[in-house]
1. Exactly one condition in (1) modelled with pLDDT of 75 or more; (2) more than 30 Å from residue 59 (Cβ to Cβ); (3) buried (at least 19 other Cβ atoms within 10 Å of the Cβ) is not met by residue 285; state its number.
2. Looking at residue 419, is it at pLDDT below 85 and either over 28 Å from residue 35 (Cβ atoms) or surrounded by 15 or more Cβ atoms within 10 Å (Cβ to Cβ) (or both)?
3. Suppose we filter the stretch 466-496 for residues that are within 20 Å of the chain's Cα centre (by Cα) and within 20 Å of residue 575 (Cα to Cα); how many remain?
4. In the stretch 183-201, how many residues are touching a residue at least 60 places away in the same chain (Cβ under 8 Å) and under 11 Å from residue 146 (Cβ atoms)?
5. Looking at 678, 587, 686, 651, which is the one that is in contact with a strand residue (DSSP E or B) (Cβ under 7 Å, 6 or more places away or on another chain) and outside any loop (DSSP other than H, G, I, E, B)?
6. Considering each residue of the stretch 547-560, count those that are over 19 Å from residue 609 (Cβ atoms) and in contact with a helix residue (DSSP H, G or I) (Cβ under 8 Å, 6 or more places away or on another chain), and give that number.
7. Among the numbered criteria (1) surrounded by 20 or more Cβ atoms within 10 Å (Cβ to Cβ); (2) touching a residue at least 60 places away in the same chain (Cβ under 8 Å), which one does residue 379 miss?
8. Looking at (1) over 25 Å from residue 609 (Cα atoms); (2) at pLDDT 50 or above; (3) under 31 Å from the mean Cα position of the chain (by Cα), which one does residue 463 not meet, given that it meets all the others?
């Protein structure tokens with residue numbers, strides 16, 4: 001294989017240092033991310049004439065047109081960065097946790113009186129995260145159990161001493177009302193630590209602590225508090241008794257079993273804490289074709305424990321990512337603020353002392369060093385050959401096989417149904433092939449007020465929510481759904497750029513990268529800032545630049561005619577479009593006066609109805625949000641020179657717009673952030689308002 005000249009020049013400039021390399025295709029998409037002790041040797045080995053690559057690797061190399069590198073200081077730092085970049089870019093030739101970004105977590109917030117929440121977004125915000133979990137319903141049940149055992153607050157209301165009466169949660173014994181001062185900060189923090197012990201599986205320590213506090217409360221004649229602690233002890237014991245004792249010794253370990261079939265892989269994780277099985281999860285892996293078991297375990301360990309240590313401060317031995325030196329125009333990740341000590345302890349407890357696997361990764365020593373730095377004590381990755389550990393690991397593997405079998409069966413049924421529905425729809429609409437990407441549009445308004453529209457996207461018959469869009473309609477000449485739909489289509493279809501537009505954008509990006517690499521005279525960081533802004537704009541446009549195979553409009557002939565006017569105006573009549581009338585669920589297509597009637601039980605009809613209902617739901621939700629904000633607007637919102645901070649201070653001081661209107665100019669000027677001149681303008685504006 002002959003290496004193109006630009007790529008050969010890039011390979012010649014790769015440094016002989018540890019770091020990360022990213023393989024890119026002609027569209028700039030990341031194909032593969034890897035780490036190496038020597039970037040020069042590792043990357044160039046892919047393109048040697050004598051190299052004997054696996055078929056899958058060879059196919060990837062043939063698509064590579066550029067290689068970008070990030071130089072780091074050591075292998076542990078490279079490992080962390082590799083795991084984060086794989087999670088960010090989801091390259092197709094890497095082993096990846098399937099839909100990792102969607103896994104739910106339990107979050108203990110970082111605020112004066114923390115709450116326990118369900119979340120799918122992990123941020124480095126000082127909060128403590130537990131997970132990932134694969135069963136959202138099971139996690140919600142766990143949160144309900146935690147709130148039942150521990151009377152934590154659930155409302156987001158700030159605790160600032162202004163509230164005078166407790167809410168219903170206090171009266172039903174589900175909260176101790178810290179908002180009105182019935183519970184102290186120290187008492188609440190103690191309860192949060194109990195929650196963390198419970199979630200970490202340290203129930204014995206928790207029970208000892210609760211027992212001690214109960215005795216102390218009883219000896220102090222505080223029998224009501226003692227009774228609450230007694231009830232909490234009973235609830236914790238009820239949960240603890242259901243846990244299976246795996247080892248008599250109080251050992252902390254994770255057991256990882258692997259199953260493979262039909263090009264798919266499943267990793268089963270059993271979490272054992274203090275000798276008890278506290279949780280088990282299974283994860284489906286993508287990109288596993290022809291990868292050895294050792295490589296699968298390597299990638300899984302890095303991605304799984306990266307997620308479990310999310311929110312923790314960087315380990316002491318790893319330099320901040322901001323210090324990474326950048327090559328080929330790849331900007332270093334922006335360093336996130338350090339988390340607090342509690343988040344660090346939570347991350348450390350998420351890592352056991354032993355991790356048992358069926359095949360040792362090739363980079364076991366690096367993974368152990370990385371996890372050891374996070375935990376603070378030695379962490380070992382082991383392959384048990386015999387004994388109790390080996391026998392129990394086989395049980396974990398059997399669970400992995402069963403879960404993979406269930407996943408494949410469900411996937412087969414789902415894919416068959418989706419393929420059938422798309423094929424039936426293509427036949428009914430006389431499309432050349434089943435539509436890969438379907439976009440559906442809907443309008444929501446009340447007599448033209450707070451008008452919005454929605455765009456939902458289905459790829460291969462499944463919703464792709466990351467591509468959903470909502471539009472705030474600018475048309476303001478009364479209720480006219482046809483004009484609003486035309487506005488929506490114009491704003492969306494203008495992003496279907498021509499190839500020339502894309503080439504110009506790529507050329508501009510290359511120029512910006514070249515300027516940045518050659519360090520032309522400019523303020524420090526100016527080129528990086530300009531390049532980042534340009535790439536962000538391109539990324540937003542590229543997401544909108546995907547051409548739909550079918551435009552589905554919520555409406556009949558009228559809406560369809562309005563859309564066809566836009567397509568003719570923009571010279572895009574080649575796009576397939578259909579309107580779905582609500583009355584009889586009939587499909588209307590251009591050039592046909594009679595509707596297409598799908599059989600009542602056809603898979604195609606169920607698909608278009610599901611897409612249409614999703615577009616309607618998305619539009620109505622956005623309309624309600626806008627309408628709700630409009631209903632809560634006051635005269636203060638329209639005051640010139642009064643932003644959110646000043647508005648909050650004025651309403652805090654006077655209670656309402658009427659209270660501000662009754663106040664004198666001097667009283668308004670006395671509010672922090674106000675001036676006499678601004679106070680006069682505010683007073684005059686409010687007196688004129690109705």
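1. (2)
2. When the stated conditions are applied, residue 419 does not pass them.
3. Total meeting the criteria: 3.
4. Keep residues of the stretch 183-201 that are touching a residue at least 60 places away in the same chain (Cβ under 8 Å), which gives 185, 188, 192, 195-196, 199-201.
Next cut, under 11 Å from residue 146 (Cβ atoms) only: 192, 195-196, 199.
Residues meeting the conditions: 4.
5. Going through 678, 587, 686, 651 in turn, the sole match is 587.
6. 1
7. Checking residue 379 against (1) surrounded by 20 or more Cβ atoms within 10 Å (Cβ to Cβ); (2) touching a residue at least 60 places away in the same chain (Cβ under 8 Å), the one that fails is (2).
8. (1)
The values are calculated or read from the model by the stated rules, or taken from the named source; none is laboratory data. A quick note: this is a predicted structure, and the numbers were derived from the prediction, not measured. All Cβ positions, even for glycine, are placed from backbone atoms using ideal geometry, and neighbour counts span all protein chains on display.
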